[in-house]
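What follows is one structure encoded as C-alpha cells, with my remarks underneath.
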Protein chains: 2
Amino acid sequence: MTDFTATRAMFDLPQGVIYLDGNSLGPLPRAVPERVEKTIRDEWGQMLITGWNKAGWMDLPARVGDRVGKLIGAPSGTVVMGDTLSIKVYQALASALELRKDRTVILSDSGNFPSDLYMADGLCRTLGPDYRLKTVAPEAVADSIDESIAVLMITEVDYRTGRKHDMARLIKRAHDAGALVVWDLAHSAGAIPVDVSGAGTDFAVGCSYKYLNSGPGGPAFIYVAPRLADKVRPALSGWLGHEAPFAFDLDYRPGAGIDRMRVGTPSILQLAALDAALDVWEGVDMADLRARSLELQNTFITRVAAKCPDLLLASPREEGQRGSQVSFRHEHGYAIIQALIAEGVIGDFRAPDILRFGFTPLYLSQQDVALAADKLCAIMADGRWNRPEFHQRAKVT
Amino acid sequence: MTDFTATRAMFDLPQGVIYLDGNSLGPLPRAVPERVEKTIRDEWGQMLITGWNKAGWMDLPARVGDRVGKLIGAPSGTVVMGDTLSIKVYQALASALELRKDRTVILSDSGNFPSDLYMADGLCRTLGPDYRLKTVAPEAVADSIDESIAVLMITEVDYRTGRKHDMARLIKRAHDAGALVVWDLAHSAGAIPVDVSGAGTDFAVGCSYKYLNSGPGGPAFIYVAPRLADKVRPALSGWLGHEAPFAFDLDYRPGAGIDRMRVGTPSILQLAALDAALDVWEGVDMADLRARSLELQNTFITRVAAKCPDLLLASPREEGQRGSQVSFRHEHGYAIIQALIAEGVIGDFRAPDILRFGFTPLYLSQQDVALAADKLCAIMADGRWNRPEFHQRAKVT
C-alpha cells in the first residue's frame, strides 16, 4: 500500500495553501533545490566541460527517460527526455507520417490541447498541400477513423474538462484501419495508470512539469514503440540524435532506437530537477494513486454539488471517464478562481468559462479537498468574486 | 575601458585550473547559484503556478532576449530565447525558405557545425524532393552564391579552426543574388563584436552556454530582422508563438514579430541562470574584449610556435580572420589534450586531429595563457601524452 503521508512530506508546499493546480505546474519536491545546487556548484562549477562525462550529463536524457518510462509502462530504452512537448509532438507526427507515406491526414479532436493542433498544422504546411489536419469533436473520434487517416493524434485527458479517452480502444481501432497513433500523455503521466506497451501505441509524448513535478519548463518526453524506433528517420535531425555525435560527420546517420529522437544539447539543470523530483515516485503504486485520486475528486464533486449548485460540472460524472482533474463551468469563472486564490486555494481558469481543479494524492488529503470545496462554496454564497480586483486579467490566465 | 579584473572576480573558477574551453561550456558566474535557488525556492516553491505572472516567467524569453540582443547589435524586441540551437536553425531555415518559395537550395559550408547541416537536411527531406542542401568548402562560399540559392546558412566562426567568415560581405553578396541569410552566432555571441542590424542579416541564431556562460543546456536565441518578422509563418507553430496563447483557439494565428518564434513552455531554471550570467556583461565594451582576446591568442600562438613546433597551427595566422579560439593539429591530439587536462589546463579535442583553445578575456589573463602554453609545450617535450591512460576515449570528446 502506498504511503501518501510519506509522499506528502517530500513536497515543500507553502503554509496555508491548498494546491489544486498540480495539473498545470506541480509543486516543489524537497529534494530539488539541493540537487540543482549540486549540479550547478559541484558539477558545472568544478567539472566545467568535463561534466558531460564525469557527471553523466550526456546520458541524463536516457537515464531520466527510463525513470519516466516506468510510470507509463514503457520498457527501458524506449523513452528519452528533451525539448518541449510541442517539439516532441512535431517529431512524433513527422515520424508517423513518414511511416505511412501513402496517407496524408492527421486526425485529432477539438478537445486536444491547442499547441498539438498548431504543431500539426505547421507540419502539414511544411509537408505540402496534400497534407491536412482533420479535427472532430471528441465523441466523434472513433467513428472518424477510416483508411484515409495516416495518424491519430490524441491527448488522452482533456485539459479543460478532464474527460478521458479510452485509448486502448482508439489505438486498436486506428491500427485496424492502418493508421498510426501519437498519444499525448500531458495529463496522464503521473496522473493515472498508463501502459503504452500494453495499449500498443506507436508514439507517446508528454511533459514533466505537471504531475511529474519537474518545475517550470521541465523537459518533455517521447516514447517510440521498439518495433518502429529503428525505422523512422527524424525530421528534426539534430546532432545528439546522430549515430556518432562526436565524429562530427557532415552527413546525418540516425542513432540506434530512441536515441535518434534527441535533437540538441539537453537542458541539464531542468533534467537534474526532474531526476530529483522523480524520487517521490519510488514506492508509489499507480493503482493506489488512481483510487485515491478518484476518492478526492468524488469528495470535491459531491460537496460542491450539495453546497453550490450554480457551478455546473464540466467533467464526466462517471469517475472512470475522468483523468485526475475536475472542472466546473461558470460565466464568471475567471473572477471566482481569483477570489479562491485569495483564500489560499489555487485552482485555475481556462477560457471561456472553465474552473479547473487537479487532484494529486501525492500531496493532497481528503481534509484539504473538503476545505477547498467549502471555501469555493463560501465565495459563491457571498458573491465576493464580484469585487473589481478579481476581474483584472493577468497575462497568463 | 573595460575592467577585466572585475569581470574575472565575477566567475567561480576551480583553484588551479586554467580554463581554455569557454568556447564549449562557459564557467560558472558567481551570481548564478543564488539566482537559480531563488527561482526554485521563492518563485516555484512559494508562488507555484502564479509564478508565470508574479515572477515574470512568461516574459523571461523576451526580456533575456533583449539582453542578448545588446551583445549582437539587435534592437529591443528582435531576439527571443528558447529551445536549442538546432531547433532555432530549423525555424530560421524554414522561415527563410517560405519567404523565397521560388528557390529550393540551402547553401552552407563544410566548416559549419554538423548539427546545422543535419537540421537543414531534415528540413529539406520534410519539404520534399525539390529541396536540397548544398555544402561547399568554406573558401568557396562566396563564389557559390548565385540566383539558385534560397538561403545562405553560415556559422561565422568555424568550431574546429576558429576561422572567421566575413559575414558583412557574404550577406551583401547573398542579398545581391536575392538569397536570404541565416547566420549562426554560436561562436560569435560574446566572443567577438557582432552587429546583426548593421550587417543586415535576415536571421541569426546562437546558443548561450558558450561565451554567454548560461550553463549546460542553456537556451538558444533567434533574431529575425524587423522587416521580415511579421511576414514569416512559423513551421514550428507552438502555442507560445500564438497571438493569444491563453485564448486556446483551435486555429493558429502567429504572434506579433519575434514572439512567433516562441514554441513551447520555456525552461525557466535555465533562463534564470542565463539572466544572472548576463550581469557579467554590464560595462563590458566589445571592442575592448576583442582587443584583449587577440592579445591572449597571440601570446599563446607565439609561445607554442617557439617552444613546440610539432603542433601545427590550424587557425588562420592573420588575427583578423580568427574568432576567439586558436586550434592546432596533431595526430595524437586527443591524448595530448587529456595529458593537458591532467595538468589543470582545460582545452578540448575535435575529431580527427584538432586541439582547441578558447580565449575569453572575461576570466583569463596573459599569465594564465602563457602558463597554459608552457604546460602544453612541456607535455610535448617529455612525451607524457604517450601514457596509456591518456588514450582512453570518453563518450563525449
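The values are calculated or read from the model by the stated rules, or taken from the named source; none is laboratory data. Computed from a predicted model, the values in this text were never measured in an experiment. Heads up, the Cβs are rebuilt from the backbone with ideal geometry, glycines too, and the neighbour counts pull from every protein chain shown.
Data overview
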{"item": "Hey, residue B:114 in contact with a helix residue (DSSP H, G or I) (Cβ under 8 Å, 6 or more places away or on another chain) and not assigned by TED's automatic domain parsing to the domain that holds residue B:375 or not", "result": "yes"}
{"item": "Residue in region B:71-80 that is assigned to a loop (DSSP other than H, G, I, E, B), without any contact (Cβ under 8 Å) to a residue 12 or more places away in the chain, among the small types (Gly, Ala, Ser) and under 30 Å from residue B:282 (Cβ atoms) present", "result": "yes"}
{"item": "Filtered residue count, region A:1-56, keeping only those that are closer than 23 Å to residue A:292 by Cα and in contact (Cβ under 8 Å) with a residue 24 or more places away in the chain", "result": "24"}
{"item": "Sole exception among (1) surrounded by fewer than 24 Cβ atoms within 10 Å (Cβ to Cβ); (2) of a type outside the set (Gly, Ala, Ser); (3) touching a Ser or Thr at 6+ places or on another chain (Cβ under 6 Å); (4) under 27 Å from residue B:180 (Cα atoms) for residue B:223, by number", "result": "(1)"}
{"item": "Residue B:211, sole failed condition from (1) farther than 11 Å from residue B:92 by Cβ; (2) within 9 Å of chain A (Cβ to nearest Cβ)", "result": "(2)"}
{"item": "From B:171, B:149, residue being more than 22 Å from residue B:274 (Cβ to Cβ), in contact with a Ser or Thr (Cβ under 6 Å, 6 or more places away or on another chain) and away from every other protein chain (no Cβ under 14 Å)", "result": "B:171"}
{"item": "Residue match in region B:21-40 (condition: of a type in the set (A, V, I, L, M, F, W, C) and within 30 Å of residue B:141 (Cα to Cα))", "result": "yes"}
{"item": "Members of region A:233-245 found to be touching a helix residue (DSSP H, G or I) at 6+ places or on another chain (Cβ under 7 Å), in a loop (DSSP other than H, G, I, E, B) and modelled with pLDDT of 95 or more, listed by number", "result": "A:234, A:235, A:236, A:237, A:238"}
{"item": "Within region B:247-274, tally of residues that are closer than 17 Å to residue A:396 by Cα and at the interface with chain A (Cβ under 7 Å from one of its Cβ atoms)", "result": "9"}
{"item": "Tally, over region A:226-251, of residues that are aromatic (Phe, Trp, Tyr) and surrounded by 24 or more Cβ atoms within 10 Å (Cβ to Cβ)", "result": "1"}
{"item": "Condition check for residue A:29: under 19 Å from residue B:38 (Cα atoms) and surrounded by 23 or more Cβ atoms within 10 Å (Cβ to Cβ)", "result": "yes"}
{"item": "Residue count, region B:221-232 (criterion: farther than 30 Å from residue A:112 by Cα and either at pLDDT below 95 or assigned to a loop (DSSP other than H, G, I, E, B) (or both))", "result": "1"}
{"item": "Residues of region B:169-196 that turn out to be within 18 Å of the chain's Cα centre (by Cα) and not β-branched (Val, Ile, Thr), as a count", "result": "11"}
{"item": "Checklist (1) surrounded by fewer than 23 Cβ atoms within 10 Å (Cβ to Cβ); (2) within 14 Å of chain B (Cβ to nearest Cβ) applied to residue A:200, failing item", "result": "(2)"}
{"item": "In region B:97-116, residue nearest to the other protein chains (Cβ to nearest Cβ) [restricted to those that are assigned to a helix (DSSP H, G or I) and over 14 Å from residue B:207 (Cβ atoms)]", "result": "B:114"}
{"item": "Checklist (1) modelled with pLDDT under 95; (2) of a type in the set (D, E, K, R); (3) closer than 26 Å to residue A:290 by Cβ applied to residue A:310, failing item", "result": "(3)"}
{"item": "Region B:43-96, residues that are within 19 Å of the chain's Cα centre (by Cα), over 26 Å from residue A:348 (Cβ atoms) and within 13 Å of another protein chain (Cβ to nearest Cβ)", "result": "B:84, B:85, B:86, B:87, B:88, B:89, B:90, B:91, B:93"}
{"item": "Residue, nearest to the other protein chains (Cβ to nearest Cβ), within region B:1-19, restricted to residues that are part of a loop (DSSP other than H, G, I, E, B), touching a helix residue (DSSP H, G or I) at 6+ places or on another chain (Cβ under 6 Å) and not acidic (Asp, Glu)", "result": "B:14"}
{"item": "Residue satisfying all of: in region B:333-357; buried (at least 20 other Cβ atoms within 10 Å of the Cβ) and among the β-branched types (Val, Ile, Thr); nearest to the other protein chains (Cβ to nearest Cβ) among these", "result": "B:346"}
